[in-house]
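The values are calculated or read from the model by the stated rules, or taken from the named source; none is laboratory data. Because the structure is predicted, anything quoted here is derived from the model rather than measured. Here the Cβ positions follow ideal geometry from the backbone for every residue, glycine too, while neighbour counts run over all protein chains shown.
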Amino acid sequence: MAGKTMVEKILARGAGREEVSPGELINVKVDLALGNDITAPVAIKEFNRLGVKEVFDPDKIALVPDHFTPNRDLAAAEQAKVLREFSRYHRIKHYYEVGRMGVEHALLPEQGLIWPGQIVIGADSHSCTYGALGAFATGVGSTDLAAAMALGEAWFRVPSTLQFIYRGVLPPWVGGKDLILYTIGQIGVEGARYRAMELCGEAVEALSMDGRLTMTNMAIEAGGKCGYIQPDRVTEEYLDGRVEHPYQPVYSDPEALYEEVYAFDVSNLEPQVAFPHSPANSRPVGEASGIEIDQVVIGSCTNGRLEDLKVAAQILQGHEVHPRVRLIVIPATQLIYRQALEEGLLEIFVKAGAAVSTPTCGPCLGGHMGVLAAGEKALATTNRNFIGRMGHPESKVYLSGPAVAAASAVTGTITHPGEVV
Amino acid sequence: MTITGKVWILQDDVDTDLIIPARYLSSTKPEKLAAHCLEGICPRFPLEVAPGDLIVAGKNFGCGSSREHAPLAIKGAGISCVIARSFARIFYRNAINTGLPILECTAELSQLLTPGEELTVDLEQGLIEDRQGRRYQAMPFPPFMQQIINDGGLIEHVRKRLDLPAR
Ligand code: SF4
């Protein structure tokens, strides 16, 4: 038997098969199905159209109203209501109300809903985030979610796998976001289309779980079906006391077949900035230095975790946000918000002149809480800088990690963190 | 099924934020979404698109978010088929699941064709023919996907499997 990758093994288990190979079309059992206030209303409509009376398992569905909440307008309120009522009616265990809610891809791992070997589908493209915990997780559409809520199954083509090996020790102020922006810059927005991305090597092993989640979060930005990191000590420590469900970690065989192997030495990597209008337009921060910005957003499912806020606070401490800049900080979940409060991070942000928001996707997708006007430029720790993503089609978004974002909020231009601290 | 329609030409990496910006996602009605479809890169599109028109695009069409509002908006605009060199994977499955006809064709159609010219497409055969009689072959769908397409989308497909009455 030829060697198999982690994803091939997990999908074989889900399909009830001895083994599966890239290219095969299979039906798998789903361990968790996710929807949000934008995608779930469409799924619920389709689910009802199907005429099935009950969901396959109310404990294996997560519904998170995080995009346009706290309800930004009447239409958003109606959509959130659809989720709420469906969740009550079907006794959905993992429904999170505003005030306990968080951005889904930060929330689910934090709440212990994700574990190694699991198969997760989410009607949200960044569902690939969960691969950081050794799960197979991928984004699907609302109709897929509807079918999964009814059947507990989804269809997939088994992806081939690309391996990315990161060698070396990361320099100061360089983290998971810089690694993944650099990678997308190297392979392009469709460099991993239809494929799984296995991320490994000592630089990845040295990352905290927060940094790893940032990396797998953006697998979709390279077109990947999923991104994953094999479970190790960091994974175990993260899961310990968080996940009650028994799990069996799955690893790639040493002789597994990869479609391609990329090796990067990242010892001298500079913090990265992706220029408009593509996450693949990443360049060293030095090439962006001096670009004036109107707004900085620190948050989202990519970089709104505690570690990100700590890095930002470390830079902002004792500084003020540049008079021309609006800094918006959004802790990704209620728990992160509370921890940031208890650790004094929120005070640093507020004193520096930042607007701190309750958890929401908000400006990340141009929803609310910081939509851009024509001609405005933002630097954001989010994951997409497509045309019009954060507002007007003539606005521009640059992407970076939290360190560059915080430093730039202080100077008003895109800046290397080393220049501020 | 054979369709004939006027062609709208788009380039590589047309993302879902361009197809339908997030600010319009508080609606799920195809006709409402269609009113803003592709307005960011092609303001004329929502105003001038006619039922039966086709979209011809480059690589990686539909990259970005999982929003099914993207195929819905395109369907709502009356587009009969999207032909691209390649599709981003979530858009690809969303199109199949929701019954928006798509074809993957490796020819550089977005370079070879002129905007507004008429194109004839045989959906089952994946055969595309332009006004000058040039023919291009699209990639066939695996039987499993063809089944979902023939059933009229994933919901109908599941209903058949569960032996539920059609609605
Ligand atoms: S934070 Fe942004 S990328 Fe993440 S789920 Fe929300 S809208 Fe999507």
Report summary line: The residue from A:122, A:112, A:134, A:117 that alone is at pLDDT 95 or above and in contact with a Leu (Cβ under 6 Å, 6 or more places away or on another chain) is A:122
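Yes or no, residue by residue, for (1) among the charged types (D, E, K, R); (2) within 14 Å of chain B (Cβ to nearest Cβ); (3) more than 13 Å from the ligand (Cβ to nearest atom):
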site: A:317; (1), (2), (3): no, no, yes
site: A:377; (1), (2), (3): yes, no, yes
site: A:384; (1), (2), (3): yes, yes, no
site: A:392; (1), (2), (3): no, yes, yes
Query raised in the report: in a helix (DSSP H, G or I), in the same structural domain as residue A:27 (by TED's automatic domain parsing) and within 18 Å of residue B:64 (Cβ to Cβ): does that describe residue A:235?
Result: no
Query - Failed criterion for residue A:84 (all others in (1) of a type in the set (Lys, Arg); (2) at pLDDT 95 or above; (3) touching a helix residue (DSSP H, G or I) at 6+ places or on another chain (Cβ under 9 Å) hold) - result: (3)
Query raised in the report: Which number in (1) without any contact (Cβ under 8 Å) to a residue 40 or more places away in the chain; (2) surrounded by fewer than 21 Cβ atoms within 10 Å (Cβ to Cβ); (3) over 18 Å from residue A:277 (Cα atoms); (4) facing chain A (nearest Cβ under 10 Å) marks the one condition that residue B:26 misses?
Result: (2)
Report summary line: Only one of A:115, A:155 is more than 10 Å from every other protein chain (Cβ to nearest Cβ) and either in contact (Cβ under 8 Å) with a residue 60 or more places away in the chain or within 16 Å of the ligand (Cβ to nearest atom) (or both), namely A:115
Requested in this report: Would you mention how many residues in region B:40-67 are of a type outside the set (Val, Ile, Thr), at the interface with chain A (Cβ under 8 Å from one of its Cβ atoms) and within 19 Å of residue A:388 (Cβ to Cβ)?
Outcome: 7
Query raised in the report: Given the structure, is residue A:123 within 16 Å of the ligand (Cβ to nearest atom), farther than 22 Å from residue A:337 by Cα and over 16 Å from the mean Cα position of the chain (by Cα)?
Result: no
Query raised in the report: If you take the residues in region A:319-334 that are closer than 29 Å to residue A:38 by Cβ and touching a Lys or Arg at 6+ places or on another chain (Cβ under 9 Å), which one is farthest from the ligand (Cβ to nearest atom)?
Result: A:334
Requested in this report: Can you run down the residue pairs with Cβ atoms below 7 Å, 6 or more apart or on separate chains, where the first is in region A:172-197 and in a loop (DSSP other than H, G, I, E, B) and the partner is of a type in the set (Lys, Arg)?
Outcome: A:190/B:59; A:193/B:89; A:194/A:225; A:194/B:89; A:195/A:225
